[in-house]
Amino acid sequence: MYPLKRRTFPLTALLILGAPAATQAADLSLPFYNWSQVSAMERPYDPNDPLAQILAIEEVDVWARIRKGFAIPDLESPLVVSQTQWHASRPDHIQRTTTRASRYLFHVVQELEKRNMPTELALLPFIESAFNPQAYSSAHAAGMWQFIPSTGRDFNLTQSMFKDERRNVLASTDAALSYLEKLYGMFGDWQLALAAYNWGEGSVQRAINKARAAGQATDFNTLSQYMPLETKNYVPKLQAVKNIIAAPANYGITLPKIDNQPYFVTIGKTRDIDIKVAAQLAELSIDEFKALNPQFNRPVIAGSSDTKILLPQSNAEKFKSNLAKWGRTLSSWTAHKVTSAKERIETIASRFGTTPEVIREANNIPPKTLLKAGSTVLVPRSDHAPEADIAPELVDTATMITAPDVPDTRRIYVKVGKKDTLASIAQRHQVTVEQIKQWNNLKHERVSPGGSLQLNVPYKQRTAVARKAAPEPRKSAQQAPRYRKAAPASAPSKKTVATNTKKSRS
């Protein structure tokens, strides 16, 4: 619970509360409050409470709202001191990150308050991703809250060819707060819940068991001796950011002003629409549109009853107005499923009247790769094709599997021996007599010893022949060990530890 602080009400609130009921009805439906008691009331904050909305007029900055909801006990340790110094000495980094955060903070704080959770958790993406919803780690963690694929699926974050909801601002925030609530329920301690968010609940529980077995306390500072370096620094990093946000002037930091009001609104989209068209209708740059809608992996947004796009308030009005006057096709793409391994990108491009380069760029297909059967790709929609949207079930399940694009065969030349026939040569190289005749323009099956024939042999067959022709030399009895001694386990580097532990949820 986060009680409103006692304060003198602004004149605006006085005028509204003192207005006749008939006047109030045009604006807000307000309950009656005994004015003599209001200043002494300690009421839980409710964003839907009209009185709280009036009081919020005074809260003109989201930072003040965050500070008011701090509820996690402060962590004190040398690591907190060093992390605070590190962040405070990089004002440019603080400025970039807080400016980026200004798009998302109001929403995150509002969701935290709805759940009665500590508002310093709104600063966690500071540590996870620097508030970059496009962030992607070496451990395959994605989005502002850095979910790995398996944990994302645990919290129903769809990950398909068309969208990755680990990057979805609304869905990932809801999932992250649900996960943090779950972890707090397990450990009853926010600092341990945060450690588990980074290291995994199983790992934290094992550390607790070790500490208890050793007769030690189970607070974060005590348990940090059992933690990898990344987790050991994780909660101190959040505490460092909290220290700076709590009193930025003490560190020579100026925070950007973030108004205590929504930055974006949601718009439902039931029809497919190209990202560039959506941005154009909203009168936004592609980069700004993607900053609010980073979950879409392809140049088209597949419409459905669940599809939502985020836009700043003023741009949402422009979007609706421009959409009403558009009068053209909203999407220039459709989906195609590859049914055969022989269906190359060049073949698909020719069929849909485009170039291989367009298909590769639209589907993020690397060069020198081909598509495997079962893959789904975006292809340009024909001008004469019916305007049908991509099937919703395909949007949620579509996958794309690529493989190196190497030729199936290798050209070799074979010298004909005295006893060779076309049949014996064909059998030896796993080809057919007819193929040999075709490759060498032969009209009959007679071959002359000493002559040369061209063959196109399968790669796998040739590799197997090569391995058979050059066996690995056997070791002598003195060389061969009687048993294999296990290699000593070397300590992983700091980089390896970070990679292995980042976002492990087990």
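For the residues Asn116, Asn156, Asn198, the requirement of being surrounded by 21 or more Cβ atoms within 10 Å (Cβ to Cβ), out of contact with any Leu (no Cβ under 6 Å at 6 or more places or on another chain) and modelled with pLDDT of 95 or more singles out Asn198.
The number of residues in the range 63-78 being of a type in the set (D, E, K, R), assigned to a helix (DSSP H, G or I) and either within 16 Å of Ala240 (Cβ to Cβ) or under 29 Å from the mean Cα position of the chain (by Cα) (or both) comes to 2.
Leu442 falls short of the stated requirement of being modelled with pLDDT of 90 or more, touching a helix residue (DSSP H, G or I) at 6+ places or on another chain (Cβ under 8 Å), part of a strand (DSSP E or B) and of a type outside the set (Phe, Trp, Tyr). Of everything in the range 162-184 that's within 22 Å of Asn132 (Cβ to Cβ) and of a type in the set (A, V, I, L, M), which residue is surrounded by the fewest Cβ atoms within 10 Å (Cβ to Cβ)? Among those residues, the one meeting the criterion is Leu170.
Name the single residue that is surrounded by the most Cβ atoms within 10 Å (Cβ to Cβ) among those in the range 272-292 being in a loop (DSSP other than H, G, I, E, B) and free of Cβ contacts under 8 Å to residues at least 40 places away in the same chain.
Leu284
Here's a check for you: in the range 338-365, which residue that is open to solvent by less than 90 Å² (accessible area, probe 1.4 Å) and either on the phi > 0 side of the Ramachandran plot or modelled with pLDDT under 90 (or both) is farthest from the chain's Cα centre (by Cα)? Restricting to residues being open to solvent by less than 90 Å² (accessible area, probe 1.4 Å) and either on the phi > 0 side of the Ramachandran plot or modelled with pLDDT under 90 (or both), the top hit is Gly353. Output the residues belonging to the range 94-123 that are over 22 Å from the mean Cα position of the chain (by Cα) and within 21 Å of Gly252 (Cβ to Cβ). Scanning the range 94-123 gives Ile94, Gln95. Checking each residue of the range 257-271 against the condition of being among the small types (Gly, Ala, Ser), in contact (Cβ under 8 Å) with a residue 12 or more places away in the chain and in contact with a helix residue (DSSP H, G or I) (Cβ under 7 Å, 6 or more places away or on another chain) gives no match.
Checked against (1) modelled with pLDDT under 90; (2) in a strand (DSSP E or B), Ala335 passes all but a single condition, namely (1). Among the residues of the range 372-392, those that are within 15 Å of Asp274 (Cβ to Cβ) and at pLDDT 85 or above comprise Leu378, Val379, Pro380, Arg381, Asp389, Ile390. Remark: pairs (first residue in the range 324-346, of a type in the set (Val, Ile, Thr); second residue at pLDDT 90 or above and assigned to a helix (DSSP H, G or I); Cβ separation under 7 Å; 6+ apart in sequence or on different chains) = Ile345/Pro356; Ile345/Ile359; Ile345/Arg360. Go through the range 248-264 and give me each residue that's surrounded by 14 or more Cβ atoms within 10 Å (Cβ to Cβ) and closer than 13 Å to Gln110 by Cβ. Selection gives Ile258, Asn260, Tyr263, Phe264.
The values are calculated or read from the model by the stated rules, or taken from the named source; none is laboratory data. This is a predicted model, so every value here is computed, not measured. Cβ: placed from backbone, ideal geometry, glycine included. Neighbour counts: every protein chain shown. Side chains included, ligands, DNA and RNA excluded: accessible areas come from the protein's heavy atoms. Shrake-Rupley method; radii C 1.70, N 1.55, O 1.52, S 1.80 Å.
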